[in-house]
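Here the structure comes first, spelled out in C-alpha cells, and everything after it is commentary.
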Amino acid sequence: MRVRNQYRKSTPLCCNAGSRRSGSVVVWSLVGFLLMLHLYSLVSHNDEVAGEIRLHMRHHPLVRELEQVEEENIQIPPPRGRRSPRAAKRRPKRTTTLIDEFLDENSQLRHVFFPGMKTAIDPMKDARNDTFYYYPGRIWLDTEGNPIQAHGGGILHDERSGTYYWYGEYKDGPTYHAHKKGAARVDIIGVGCYSSNDLWTWKNEGLVLPAEETNETHDLHKSNVLERPKVIYNEKTGKYVMWMHIDDTNYTKASVGIAISDYPTGPFDYLHSTRPHGFEGRDMTIFKDDDGVAYLIYSSEDNSELHIGPLTEDYLDVTPIMRRILVGQHREAPALFKYRGTYYMITSGCTGWAPNEALAHAAESIMGPWETLGNPCIGGNKMFRLTTFFAQSTYVIPLPGFPGSFIFMADRWNPADLRDSRYIWLPMIVGGPADRPLEFNFGFPLWSRVSIYWHKKWRLPSRWRALQ
Ligand code: DGJ
C-alpha cells in the first residue's frame, strides 16, 4: 500500500530523486551566493572604514594631536562634616565620588569644575598672544569682556557672510526653584546671539528673541521655559528660522516654538508653539540636510524615546511624517551631524541638570533605524567619561576642510547658579571601527567610531583658521 505524504506538495522539483538533488543544488548555490554577497558587502564596508582611517591619517596630520589621549588625575578630598543637601540626597552613606564633588556646591574641588574669573578665556587679551586655545569649563568672555550667555545652544554658519552665529539660552539671572520639588530655573530672558569668524572670538549681537515681560499668557513670558534654541537658514524663503523647546515652569506644556527673521542677528518674530505631531516635545534640535530638507528631532513620551520628522519646505512646521527612534532608551539633548552619507547623533541620558553618560548613534537613513554605537568619550578618567566630561551635549559643528573632524559642544550645567554654567567644546573625530558590535551583523561593526577627546587645553589647527 502506498502511503501518501499528506504534507508534501507535489511539485515538478520534487517528483524524483534526481530532480530533488538538483533542487538542493539550486537552493545551496543560492545560499552560497547570498553569503558571498553579504561577505563582499562586509569586506567592502570594512575596506571603506579602513580607507577612511587611511584618508583620515593622510589628510589630517594636523588634527592628530587632538586625538592624543589626555588623562586626568583628580584626588578626591577626604569627606567633611557638612555636605550640600543635593549631594547628600544622591548618596547619603557611601564614600565620596567625583560626581558627588561635582554636585556639591561647597566641594573643595569646585574650582576644578567651575574655575573662577581669574582663569577666564579672554580672546581680546589672548588674541594678542595668538593663543586661540579652548579651555573647556573655564569662563569664556565675549569681545566686551562679559561671560558668554548662550547655553543649550547651536551654531549657524551663514554661508552668505561666512560668519558663525552662536545662539543659546541667555541665563544671566538668579536661579531659583518655583516649587519645592521643581527643577532649578532661571526666568526666560531670551535667546542670546554671538557672532564670530574664528569660532573663538565672539561678539555679543544681543538678545535676538527677548522674553515677554507683561503678557502672562505668552509662551515667552518670563515665568515659562525656553531651552535649546537652534537656527537654520531657508534658501527658498530667505528667512532665518529658529526652533526651540517651549515649556511651562513644570515642564508639562512640552512644546516646540518657532520664530523667524530676515537677518541672522534678528530680531526674530515669535510665531507660535505646537506639540509636534501631536506629541510631547522637550529637548530638541533641528538638522538641515545637504538636500535642503530640514528635520526636527525631539524627546517625547515622557522622554522615553525620540521622534524625528521632516519640516515643511518653509521650515515653519512639521509634516505628518514622523518616526519613533531609540524607543525606550530615555535619551535627550540630541546633537545630530552627518559624515560621508551616514547620520550620527550624540545624546545624553535624562537626569535633569546632573551630568550622565553620552551615547553616539548612527543611521544610514535619517528617519532610522538608528543604532547605538556606545560612549564616544575618550580620555580624562572613568568618571569624566561616564559623565560626558561633566557636561551634556547640545550641538556638533563640522569643520569644513577637515572631513571627519568636528567640534562637540556641550553644557556643563551649574544647577546652583545656572547662569554660571560652562561650555565644554572638544574635538570630535569620526573614523575607525565602532567598538560595540551590532547584533544583526554577525558581530562585524558596520559604523565608524565617534570619538570625543578630552583636553584641558586645545585649539583648532592653524590651517583651519587660515582657511576662514
Ligand atoms: C535636561 C535638559 O537637557 C535641559 O535642557 C533642561 O531641560 C534640564 N533637563 C532641566 O532639568
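Tell me whether the stretch 362-376 contains one or more residues that are part of a strand (DSSP E or B), on the phi < 0 side of the Ramachandran plot and within 16 Å of the ligand (Cβ to nearest atom). Checking the stretch 362-376: not a single residue is part of a strand (DSSP E or B), on the phi < 0 side of the Ramachandran plot and within 16 Å of the ligand (Cβ to nearest atom).
When PHE390 is tested against (1) assigned to a strand (DSSP E or B); (2) away from the ligand (no atom under 13 Å from the Cβ); (3) in contact with a Pro (Cβ under 6 Å, 6 or more places away or on another chain), just one condition goes unmet, and that condition is (1).
Quick check: is even one residue across the stretch 261-278 of a type in the set (D, E, K, R), touching a residue at least 12 places away in the same chain (Cβ under 8 Å) and within 14 Å of GLU169 (Cα to Cα)? No: zero hits. The set of residues from the stretch 256-281 being in a loop (DSSP other than H, G, I, E, B) and crowded, with 19+ Cβ neighbours inside 10 Å comprises PRO264, GLY266, PHE268, GLU280, GLY281. I want to confirm something. Restricting to the stretch 393-432 and keeping residues that are within 18 Å of ALA358 (Cα to Cα) and charged (D, E, K, R), which single residue is farthest from the ligand (Cβ to nearest atom)? Step by step, filter the stretch 393-432, then rank; the result is ARG422. If we scan the stretch 364-375, do we find a residue that is surrounded by fewer than 20 Cβ atoms within 10 Å (Cβ to Cβ) and in contact with a helix residue (DSSP H, G or I) (Cβ under 8 Å, 6 or more places away or on another chain)? The answer is yes; a qualifying residue exists.
Filtering the stretch 171-189 to residues that are within 16 Å of the ligand (Cβ to nearest atom), of a type outside the set (Lys, Arg), touching a residue at least 60 places away in the same chain (Cβ under 8 Å) and within 17 Å of LEU220 (Cα to Cα) leaves GLY173, ALA178, VAL186. The set of residues from the stretch 65-123 being of a type in the set (Val, Ile, Thr), loosely packed, with under 13 Cβ neighbours inside 10 Å and at pLDDT 70 or above comprises VAL69, THR119. Every condition in (1) within 30 Å of ASP291 (Cα to Cα); (2) more than 22 Å from the chain's Cα centre (by Cα); (3) free of Cβ contacts under 8 Å to residues at least 40 places away in the same chain is met by ILE246 except one, and the failing one is (2). Scanning the stretch 391-421 for residues that are modelled with pLDDT of 95 or more, over 16 Å from the mean Cα position of the chain (by Cα), crowded, with 19+ Cβ neighbours inside 10 Å and not hydroxyl-bearing (Ser, Thr, Tyr) yields ASN414, LEU418.
Restricting the stretch 237-254 to residues that are within 13 Å of the ligand (Cβ to nearest atom) and not β-branched (Val, Ile, Thr), the residue that is surrounded by the most Cβ atoms within 10 Å (Cβ to Cβ) is MET244.
Within the stretch 332-351, the set of residues being away from the ligand (no atom under 16 Å from the Cβ), over 15 Å from ILE286 (Cβ atoms) and part of a strand (DSSP E or B) comprises TYR339, THR342, TYR344. Return the only residue of GLY162, GLY206, GLY168 being within 16 Å of the ligand (Cβ to nearest atom) and either touching an Asp or Glu at 6+ places or on another chain (Cβ under 7 Å) or outside the structural domain of TYR423 (by TED's automatic domain parsing) (or both). The conditions single out GLY168.
Residue count for the stretch 442-456 under the criterion of being modelled with pLDDT of 95 or more and either within 14 Å of ILE407 (Cα to Cα) or more than 23 Å from the chain's Cα centre (by Cα) (or both): the result is 6.
The values are calculated or read from the model by the stated rules, or taken from the named source; none is laboratory data. Everything numeric in this text was worked out from a predicted model, so none of it was measured. Please note: Cβ atoms are built from the backbone with ideal geometry, for glycine as well, and neighbour counts cover all protein chains shown.
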